[in-house]
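What follows is a single structure, written as structure tokens, with notes after it.
The values are calculated or read from the model by the stated rules, or taken from the named source; none is laboratory data. Worth saying up front: this structure is predicted, and the values here are computed from it rather than measured. Glycine gets a Cβ as well: all are built from the backbone with ideal geometry, and neighbour counts include every protein chain shown. Side chains included, ligands, DNA and RNA excluded: accessible areas come from the protein's heavy atoms. Shrake-Rupley method; radii C 1.70, N 1.55, O 1.52, S 1.80 Å.
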Amino acid sequence: MKLYNTLTKQKEEFVPVHEGKVGMYVCGPTVYNYIHIGNARPMVVFDTVRRYFEYKGYDVNYVSNFTDVDDKIIKKANEEGVSASEISERFIEECKKDMAGLNVKPATVHPKATEEIDGMIVMIQNLIDKGYAYEKDGTVYFRTRKFEHYGQLSKKNLDDMRAGARIAVSDEKEDSMDFVLWKPKKEGEPSWPSPWGDGRPGWHIECSEMSKKYIGTTIDIHAGGEDLIFPHHENEIAQSEAANDEPFAKYWMHNAFLNIDNKKMSKSAGNFFTVREISEKYPLQIIRFFMLSAHYRSPLNFSDTLVEAAKNGLERILTAVDNLRELKKTAQGSLTESDQKNMEEAGALVSKFEESMEDDFNTADAISAIFELVKLSNVTAAKGSLEYVDYLYDTITKLCDILGIVTDKEEDLLDADIEALIEERQAARKAKNFARADEIRDMLAEKGIILEDTRAGVKWKRA
Ligand code: AMP
Ligand code: ZN
């Protein structure tokens, strides 16, 4: 399996640190608002990478943090007159809802920065003891000059960067490129006690600490959006390698940006969408499929025309799966000679899917292999045996599942469930538990099921 490593600027064969295992760390969002569709891109892309490793039999330890202490969170908390943790907890919950809508699996662990402060303090102290960090009036800085390989990921030269950096008169840093590991408390801000006084950690140290704690000193894959290469990931490497004396991450994967109408997303330009807003316009499954229709290292343009195209493409796949599901009810017998020939063709397409995924997760080509399978299915399934129809159904749904595309039909699950819920609602009303009765009615309404209380009992229909 080959993947592009930002560190070496080439595609490399994937060799895990521990056989059969993958430890991956994906930088998560700062939780001060609903996530936007740009934030959703790394979530969808790296969830798909994870799903593919799992399909290949790897045991994946997927760690993704929530940055829950930060200037933007504090600002929002002050605007609303609530605590910073109230803001971060609220938007962690909202983020999880959006992730579920996008069918992004929960991480093995979702650590939160505020719950890992003790470990960060130990790491910072270790860096000070080794001469890689120093304290000035309650602020601890990383001494970039001391870390020989600084700039290895972003391919930046420290002297060039230094020449370009502006130094404020009040700056207490030894060097303009030194960055903050710990900052002192300011009035009205959350803070934690530390050997350098009350304060809070800088942003970069949280990922160094959490990836070590939940995966190990050397992790297989570290991932995030390409804007994080510098300074965030560069600084993470410096901190972790200086503290642990081990290589930090073997492979660095970065997704390109999602733009809107070919322009960078920006609040001030008014071309900024949250996942929540978009979900009112399109089922999020379409957004997921749209995101995977491009290679993750190519910029992706979000426009109605392109999302509509993704919608049509996805519909084509889902219709083929529906047809196969129907055929499974009537088809009979085992493989015929022509089924066998068609199965060989299908097998070659499955190989094409896998080869595409193993070539730096080329989901665009993997999706075109699914489209070819759909075409084959549309032409051959109706005349095929049950064994062949089963094979096609299992194959297409399995490949869709690797991409996180749900092929189950809700109606199939629902009929019996609806009846059971209606019965439960009737019982709740009898017991005068109107809250539960209303809850059930609302739950059904959300799924497009409308209840009518008639004299002959409760009737239901789909909206
Ligand atoms: P942030 O909350 O800004 O730290 O971002 C969380 C994740 O979303 C990071 O991996 C970012 O690189 C990524 N990200 C932010 N904006 C975009 C965008 N427009 N397109 C793709 N990824 C993005
Ligand atoms: Zn990070």
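Some notes on this structure:
- Long-range HN-HN contacts of E12 with modeled amide H, under 5 Å: L3, Y4, N5
- Around A346: net Lys/Arg minus Asp/Glu count, Cβ-Cβ under 14 Å: -4
- Inter-probe distance in nm under a simple model that places probes 7 Å from Cα toward Cβ, at T274 and K97: 0.9
- Average accessible surface for region 304-402: 49 Å² per residue, computed with a 1.4 Å probe over protein heavy atoms with every protein chain in place.
- Cα→Cβ-extended label distance, 7 Å offset, between D261 and N378, nm: 3.3
- For the chain, carbon and sulfur atoms together expose 49% of the accessible surface, with a 1.4 angstrom probe and every protein chain in place.
- Calculated FRET efficiency for the pair K9/D401, C-beta based, R₀ 30 Å, to 0.05: 0.40
- Point-to-point label distance, E79-T305, nm (Cα→Cβ direction, 7 Å offset): 3.4
- 29 Å Cα-Cα threshold exceeded, pairs from K11/K398; K72/K311; K72/K136; K130/K185: K72/K311
- Amide H contacts of K173: none lie under 5 Å away among residues 5 or more positions distant or on a separate chain (H built 1.01 Å from N in the peptide plane; Pro and chain starts excluded).
- Between K461 and F434, full extension at 0.36 nm per residue minus the direct alpha carbon distance yields a gain of 7.6 nm.
- Only helices reaching 30 angstrom along their own axis (Cα) with mean Kyte-Doolittle hydropathy no lower than -1.0 count here, and for the DSSP H runs of the chain these are 304-330, 337-357.
- Solvent-accessible area per residue, Å², over region 36-192 with all protein chains present [probe radius 1.4 Å]: 47
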